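J.: The following block contains the structure, expressed as structure tokens.
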């Protein structure tokens, strides 16, 4: 028999995040539990807590990590139609906002047009 405290921990680790994500995963043969989130974290600070659930030889323990998620960079392109226009004619202004690689997703929010 293995003496308590000897060997490599087995069992599971439960991960929880401050935004409410929860996942329990098994330890591998080296005592490491790993998983990839299925939903990206929002911009800001996310606190992740990992709780080792213990086994016959090892007690439970808890650790935390703070993940900082920066806002993605964007590029804005402005166009007008008709161009050229004539005095008194209505002009349609359009702004297209896209993420700059490697950032991804669909930007939301508002665009402010300043006409000078």
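J.: Determine, for 114, 60, the number of other Cβ atoms within 10 Å of each Cβ, and report the residues in order from fewest to most.
T.: The order, fewest Cβ neighbours first, is 114, 60.
J.: Convert 20 °C to kelvin, take the viscosity as 1.002 mPa s, use the Kirkwood radius over C-alpha pairs of the stretch 72-116 as Rh, and evaluate the Stokes-Einstein diffusion coefficient in µm²/s, rounded to a whole number.
T.: Calculated translational D: 172 µm²/s.
J.: How much length is gained if the chain between residue 21 and residue 89 is pulled fully straight, taking 0.36 nm per residue apart and subtracting their Cα-Cα distance, in nm to one decimal?
T.: Between residue 21 and residue 89, full extension yields 19.2 nm more.
J.: Just the ratio, please: alpha-carbon radius of gyration of the chain over 2.2 N^0.38 Å, N its number of residues.
T.: 1.91
J.: Over the alpha-carbon set of the stretch 12-69, divide Rg by the Kirkwood Rh and report the Rg/Rh ratio to two decimals.
T.: 1.00
J.: Follow-up question, since we're still on this one. So, in Å, what gap is there between the alpha-carbon centers of the stretch 36-75 and the stretch 92-116?
T.: 31 Å
J.: Multiply the residue separation of residue 42 and residue 70 by 0.36 nm, subtract the distance between their alpha-carbon atoms, and state the gained length in nm to one decimal.
T.: Working it through step by step, the gained length comes to 9.2 nm.
Each value in this text was obtained by applying a stated rule to the coordinates, not by laboratory testing. Predicted model, so just to flag it, every value in this text is computed and none were measured. Here the Cβ is made from the backbone with ideal geometry for all residues, glycine too, and neighbour counts use every protein chain on show.
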